[in-house]
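The values are calculated or read from the model by the stated rules, or taken from the named source; none is laboratory data. These numbers were taken from a predicted model, which means no experiment stands behind them. Glycine also receives a Cβ, built like all others from the backbone with ideal geometry; neighbour counts cover every protein chain displayed.
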Amino acid sequence: GENVEQHPSTLSVQEGDSAVIKCTYSDSASNYFPWYKQELGKRPQLIIDIRSNVGEKKDQRIAVTLNKTAKHFSLHITETQPEDSAVYFCAASINGNKLVFGAGTILRVKS
Amino acid sequence: NAGVMQNPRHLVRRRGQEARLRCSPMKGHSHVYWYRQLPEEGLKFMVYLQKENIIDESGMPKERFSAEFPKEGPSILRIQQVVRGDSAAYFCASSPGQGITQPQHFGDGTRLSIL
């Protein structure tokens, strides 16, 4: 079955710097890759997603890149702010059905 | 448009009791997914349902756990004879389904505690 690995497990950055979180997946049939942000005690919130027919997608300070050949995808957050501090999860799925999540990255933005 | 609604938010049960978790999908969504999250871990897929059908239950324990999504009313995740290891946050997500890949939107979860 699908397996998703996520790195790093924790990431501390200075406010204003960029943050990058990387994921790899195992099932070449996966074609949908969402990223979720989860604050303590709250629901996971979808922040961006990418489908396998594109290599990059951007939404303001957030961007996601996908390398299908290497089965890698990454989340990039620029100009980080304290409110970006949260746990970020990547996931992979076939046609948007069951999501297989990475273990999560705790992002701390220091002001 | 209300989001995915889960209740109760918190549920406390003693070992051996039954737990029932409810999920009402977003309006217009016909696909429901249940995930379990242990403290400081990622979410693990349990089951995927459409109205009156279980599509994929590969993540559901074979015993004590069941799920349904009836024609009318919310989806129910039922855990019989609960044990301490069932303590977790249970999240429900919904999507419109039909056609191209649609994102899943999550509810606030039910935090289940077993005494």
### Message
Can you pull out every residue in region A:97-111 that is more than 18 Å from B:Arg36 (Cα to Cα) and within 11 Å of chain B (Cβ to nearest Cβ)?
### Response
A:Ile106
### Message
Any residue in region B:1-18 that is more than 22 Å from A:Pro44 (Cα to Cα) sitting within a Cβ distance under 7 Å of a residue that is not aliphatic (A, V, I, L, M)? List the pairs, counting only those 6 or more apart or interchain.
### Response
B:Val12/B:Ser113; B:Arg15/B:Arg84; B:Gly16/B:Gln81; B:Glu18/B:Arg78; B:Glu18/B:Gln80
### Query
Residues of region A:15-36 being more than 14 Å from every other protein chain (Cβ to nearest Cβ), under 21 Å from A:Asp59 (Cβ atoms) and either charged (D, E, K, R) or out of contact with any helix residue (DSSP H, G or I) (no Cβ under 9 Å at 6 or more places or on another chain) (or both), which ones?
A:Glu15, A:Gly16, A:Asp17, A:Ser18, A:Val20, A:Lys22
### Evaluation of B:Gln104 against (1) away from chain A (no Cβ under 14 Å); (2) at negative phi (one fails), failing number
(1)
## Note on the structure
Among (1) touching a Leu at 6+ places or on another chain (Cβ under 9 Å); (2) not in a loop (DSSP other than H, G, I, E, B), B:Tyr48 falls short only on (1)
#### Entry: Out of B:Ser58, B:Ser66, sole residue that is in a loop (DSSP other than H, G, I, E, B) and among the hydroxyl-bearing types (Ser, Thr, Tyr)
B:Ser58
### Query
Does A:Val54 meet the test of being of a type outside the set (Phe, Trp, Tyr) and surrounded by 17 or more Cβ atoms within 10 Å (Cβ to Cβ)?
no
### Query
Is there a residue in region B:57-66 that is among the hydrophobic types (A, V, I, L, M, F, W, C) and within 13 Å of another protein chain (Cβ to nearest Cβ)?
yes
### Query
Taking A:Ser52, is it of a type outside the set (A, V, I, L, M), at pLDDT below 95 and closer than 28 Å to B:Gln50 by Cα?
yes
### Message
Checking A:Leu75 against (1) at pLDDT below 95; (2) buried (at least 22 other Cβ atoms within 10 Å of the Cβ): exactly one of these is not met. Which one?
### Response
(1)
### Task
Keeping to region A:1-54, report how many residues are outside any strand (DSSP E or B) and among the aliphatic types (A, V, I, L, M).
3
### Message
Cβ contacts < 6 Å: first residue in contact (Cβ under 8 Å) with a residue 40 or more places away in the chain, restricted to region A:89-101; second residue polar (S, T, N, Q), any location; separation 6+ or different chain. Result?
### Response
A:Cys90/A:Gln6; A:Ala92/A:Ser30; A:Ile94/A:Ser30; A:Asn95/B:Thr101; A:Gly96/B:Thr101; A:Gly96/B:Gln102; A:Leu99/A:Ser93
### Message
Being out of contact with any Ser or Thr (no Cβ under 7 Å at 6 or more places or on another chain), more than 14 Å from chain A (Cβ to nearest Cβ) and under 23 Å from A:Ala103 (Cβ atoms) narrows it down to one residue among B:Gly85, B:Gly109; which is it?
### Response
B:Gly85
### Message
Can you pull out every residue in region A:7-30 that is crowded, with 18+ Cβ neighbours inside 10 Å and closer than 23 Å to B:Gln104 by Cα?
### Response
A:Ile21, A:Cys23, A:Thr24, A:Tyr25, A:Ser30
